[in-house]
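Data first, discussion second: the structure below is written as structure tokens.
Each value in this text was obtained by applying a stated rule to the coordinates, not by laboratory testing. Computed from a predicted structure; not experimentally measured. Glycine gets a Cβ as well: all are built from the backbone with ideal geometry, and neighbour counts include every protein chain shown.
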Amino acid sequence: MEQVRPLWRANLGPTRLWQVPGSLQALIRDIRKSRVLRAGLALVMAGAVCLYLSDKVVTGWWQGTLDGFGVGFIVGGVVDVLAITALNQALTGEQRQRENDLEARSILRAARLGLTTGVVEAARDHLIRSGRQLNPRLGEQLVKLITDADREVAIGDVQLAEAERADIQRPPAETPDHGDVPRAPENP
């Protein structure tokens, strides 16, 4: 007979008792990773406890005080989380743009030095990876590098095709017949 575990000890691993939507799972994962979100959640929870206590438990002048604390904690927690998250995103976005700009400059420097092996592919990959977090001027230079390389390849393909077409259209050259030429005597 299988032993039944109490609900508070249930294994929520692969066989879950209830299914959490994906977006909620992502939110829970983010809260576990971020100290800012945990602190904001703690403030909001403290505010909720204060509001509950002010309504159900405490009467008199403490009720107004706990109402004030509750509202303050909730609003403060939400505002703090939003403000700090926005600042963090701005700082990390700026840092990513600096890193992308540095890599773009190194690719352009390699192209100016004549290092052609892999430079165009690196420029293409970098444009795809960097997205919009790249200085527009550097992005335009990378695009120009790629289009110039593509144009050179296209011109080379056209010239090769023209040369092949010219070889096909050219009549075969007359070759002299060397069949009656006397041979040198062989040494025994």
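So here's what we get for this one:
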read-out	value
Residue in the stretch 33-43 that is surrounded by 14 or more Cβ atoms within 10 Å (Cβ to Cβ), more than 31 Å from the chain's Cα centre (by Cα) and not charged (D, E, K, R) present	yes
Hits in the stretch 100-126 (condition: more than 11 Å from Leu138 (Cα to Cα) and either in contact with a Ser or Thr (Cβ under 8 Å, 6 or more places away or on another chain) or outside any helix (DSSP H, G or I) (or both))	Leu113, Gly114, Leu115, Thr116, Thr117, Gly118
Which listed residue, of Gln63, Gln141, Gln97, Gln133, is surrounded by 12 or more Cβ atoms within 10 Å (Cβ to Cβ) and outside any helix (DSSP H, G or I)	Gln133
So Gly114, is it loosely packed, with under 11 Cβ neighbours inside 10 Å, out of contact with any Cys (no Cβ under 7 Å at 6 or more places or on another chain) and within 30 Å of Ile146 (Cβ to Cβ)	yes
